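The values are calculated or read from the model by the stated rules, or taken from the named source; none is laboratory data. Computed from a predicted model, the values in this text were never measured in an experiment. Glycine gets a Cβ as well: all are built from the backbone with ideal geometry, and neighbour counts include every protein chain shown.
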Amino acid sequence: MQILNTKFHIPAPDQGTLVQRQSLVKFMSDADGKGLVLIQAPAGFGKTTFLVLDDFHLISERLIHDGINFLIDHPIDNLLIIIATRNAPPLGLARLRISGRLKEIDETQLRFSREETIDLIACFLPGPMTNEALDILTQQTESWVAALKLAMLSFQGLPPLLLYAMQNSLNPSHKPLSSRQVRVQNFEEDFNARELDILKLFQQGVSNKEAANTLNLSVNTVRWYASRLFAKLSVKRRGQAVTEAVRLGLI
């Protein structure tokens with residue numbers, strides 16, 4: 001019988017596409033004292049992000065289920081049982097819920113947040129994606145990790161002009177503005193609070209890493225926002241962005 005290597009060896013992560021999932025880390029930090037952490041979601045939602053008993057839905061042997069139940073009912077110090085599955089396992093989950101010994105993670109927690117999606121985009125694309133395109137991408141993929149990554153792979157390697165056209169094609173109502181129309185827009189409405197925060201930090205001369213630490217973001221996310229700022233202000237460098245933002249009264 002052929003056995004997949006991934007069942008015995010931790011898959012090597014792609015360092016270029018790692019996304020920090022702080023919300024999941026925080027959620028998992030509350031699992032101390034629980035008898036079981038159950039991660040239940042369809043394929044492609046990122047269950048193997050965790051070091052767990054994976055694909056538990058494939059186990060039908062009752063002796064194994066009984067063994068896991070025994071471990072849950074007779075906990076060992078410093079042992080936390082984490083199970084990833086597509087279906088609910090026969091482990092007396094109702095009993096564990098009532099006794100407060102079950103921590104459950106489902107599609108809701110596994111879906112990418114907007115910030116995490118921006119982080120993923122920054123790993124694949126050379127420039128920013130419009131807010132409209134980002135909204136539609138999130139809606140169409142339902143923030144499903146596998147679908148988001150497939151979308152990014154389809155964009156990767158495209159020439160900049162074609163990439164821009166494909167991003168805007170996600171929004172059929174998008175109509176490119178002329179340079180004059182862009183300049184007469186209300187700039188206060190064109191910049192969100194996060195972008196203005198980053199502009200203020202750039203004005204203070206902080207590095208991308210320092211800005212990321214201050215705003216609790218990843219460095220890739222700060223770079224993504226910086227790319228958006230440069231595009232909106234029609235500049236190429238952060239010093240130029242600060243000068244233009246001051247001139248426009250943004251900071």
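The single condition from (1) without any contact (Cβ under 8 Å) to a residue 12 or more places away in the chain; (2) surrounded by fewer than 15 Cβ atoms within 10 Å (Cβ to Cβ); (3) over 23 Å from residue 21 (Cβ atoms) that residue 235 fails is (2). Among helices (runs of 4 or more DSSP H) entirely within the stretch 77-126, having at least 2 residues that are without any contact (Cβ under 8 Å) to a residue 60 or more places away in the chain and surrounded by fewer than 20 Cβ atoms within 10 Å (Cβ to Cβ) singles out 93-98.
Among the candidates 72, 59, 39, 81, the residue that is hydrophobic (A, V, I, L, M, F, W, C) and at pLDDT below 85 is uniquely 39.
Flag: residue 130 does not match the condition of being at pLDDT 80 or above and of a type in the set (Ser, Thr, Tyr). Identification of helices (runs of 4 or more DSSP H) wholly contained in the stretch 163-251 with 2 or more residues that are over 22 Å from residue 116 (Cβ atoms), at pLDDT 80 or above and out of contact with any Leu (no Cβ under 7 Å at 6 or more places or on another chain) yields 193-203, 219-233, 238-247.
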